[in-house]
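Read the figures in this text as sums done on the coordinates, not as results from a lab. Note that the coordinates shown come from a computational prediction; the quantities given were computed from them, not determined experimentally. Glycine gets a Cβ as well: all are built from the backbone with ideal geometry, and neighbour counts include every protein chain shown.
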Amino acid sequence: MFNSAIKHFIRTYMKENLTDSFNRLKDTTTDYARLQLKLFKLCVIQKIDEIFVLIISSFVFILIGFIFLLFISAAFVVWYGTTFGNYLTALLIIIGFIILLFIIFYVKGRKWISSVIMKKLSSIFPENEENLFRKKQKTD
């Protein structure tokens, strides 16, 4: 009788304890998966943000360069026209200079720009996803 009571107690206790353990394990695993998904989403948002910052800053830099080139060209045309009295020649010189810049950019600039973009993007995106999480944890 005493043995059967102990066996019954152990079976009942172990069954309840085992069920509780599995329920806690399930809850913990679900929470862990949810947190990993949130971390992944935050990392993706951070990378998208870095890419947009790169694109916008590059666009602003190029726009400032074009505006600078425009003002320098206008200043040269005015200077050359008042100095030598021929505005048409000054405009033709500027047009030739811009065409020369376009040719140089077309020949050499594509490789240079693609290498700069690849360097920037490779610094934004790590080689594997483990570095992505480590980098995120180190910055926090």
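Got at least one residue in segment 42-63 being more than 19 Å from the chain's Cα centre (by Cα) and in a helix (DSSP H, G or I)? Yes - at least one qualifying residue is present in segment 42-63. F40 falls short on exactly one of the conditions (1) aromatic (F, W, Y); (2) out of contact with any Leu (no Cβ under 9 Å at 6 or more places or on another chain); (3) surrounded by 11 or more Cβ atoms within 10 Å (Cβ to Cβ), and that condition is (2). Scanning segment 83-120 for residues that are loosely packed, with under 11 Cβ neighbours inside 10 Å and not hydrophobic (A, V, I, L, M, F, W, C) turns up T83, G85, G96, Y106, K108, R110, K111, S114, S115, K119.
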